[in-house]
Amino acid sequence: MKVLGIGFWFFMVVLCIWAAWCGGEAAGDTVVLKQGQRITGDILADKEDMLYVDIGVDIVKVPKDQILEYKYSGQESASAGEDVNDANVAGEAKRAVNQLYYTADLPKTSIAKCVERFSESVVKVSTPAGLGSGFFINEDGYLITNYHVIERETRIEVTVFQKASKGFVRKTFKKVRIEAINPFLDLALLKVEELGDTKVSYAYLGRGSDVRVGEKAFAIGNPLGLERTVTDGVISTKNRAFKGLLYLQTNADINPGNSGGPLFNLSGEVVGVTNMGYIFYGGLGFAIPVDYVKRFIENRDAFAYDKDNPNTGYRYIQPERRRNRQKPEVSGSE
């Protein structure tokens, strides 16, 4: 049996006294230790071998090998050996027959918890012309990005960022198939092939009717190549019109490289796909509403990619330039 230091047990005594002083059953996330002690606070981070809990007077590091179970406020318990992302949505995730994306009724929480839970679903999409962002919509490797990220390109790479004991591990997949594109909506559906034993995380699509002006929102993407960047703000308006389409406007910073990434609400549900921003004017970002995204996925057969159709954005090889730069001789008339 692993022997813990005196300091750890002293801290447990302090925690029990503090919990009793607060009423024992104060609202918050709950951690139950194998020895029977109960910690109530705010779980800030869920690492592979450690939980970080804010108890109000300090932040406590609790080794997972000493935890019997833990749960977030209003959600079911997860044992220390379970994947908290899977455990928290058990029984909540919904996916219609023959549908590619998931929905879920998730409680509102903090940006930090949403990032901890869903950041692995966000990927980097690279082509010879540049890079953007995207996000998985299911465990089979299907993902959404902007059409302009892959426009006129067929060589596409997707980089996945997966949590490890020391940060994140990158995995790059070079075999990516274009499933469907809609240049008018600026959306593309891709599929990463040959995932092998890689288990990908995915995001849940929210409901456009639930979006409220003034509510908090945040984006995750790779602006200017700065991977896994989080920017936050509010929904400035939900019906900004551009060229016959409606967009969500947000003051969360959206820069080149964010294109195709998700805009989340505080439940961790995707409410839009970021695709525009004014570089020299902060606080003016735009996202394609999630209802457009759902309709695009549901009607993907109508937008199926065909490499033999010139209207699908296939990149043509440029003709070879003249090697002899001298003026051609002009023959005289006979």
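The values are calculated or read from the model by the stated rules, or taken from the named source; none is laboratory data. All values reported here derive from a predicted model rather than from experimental measurement. Note that we place each Cβ from the backbone using ideal geometry, even for glycine, and neighbour counts take in every protein chain shown.
Pairs needed: first member in region 299-327, within 20 Å of Val176 (Cα to Cα); second member anywhere, surrounded by 10 or more Cβ atoms within 10 Å (Cβ to Cβ) and at pLDDT below 75; C-beta distance under 6 Å; at least 6 residues apart or different chains.
That search, which allows pairs on different chains as well, returns Tyr305/Thr312; Asp306/Thr312; Lys307/Tyr314.
Within region 270-295, track down each residue that is under 17 Å from Tyr101 (Cβ atoms) and surrounded by 24 or more Cβ atoms within 10 Å (Cβ to Cβ).
First, the residues of region 270-295 that are under 17 Å from Tyr101 (Cβ atoms): 270-273, 287-295.
Correct list: Val270, Val271, Gly272, Val273, Ala287, Ile288, Val290, Val293.
Which numbered condition trips up Pro262, out of (1) modelled with pLDDT of 95 or more; (2) of a type outside the set (A, V, I, L, M); (3) farther than 24 Å from Tyr101 by Cβ?
(3)
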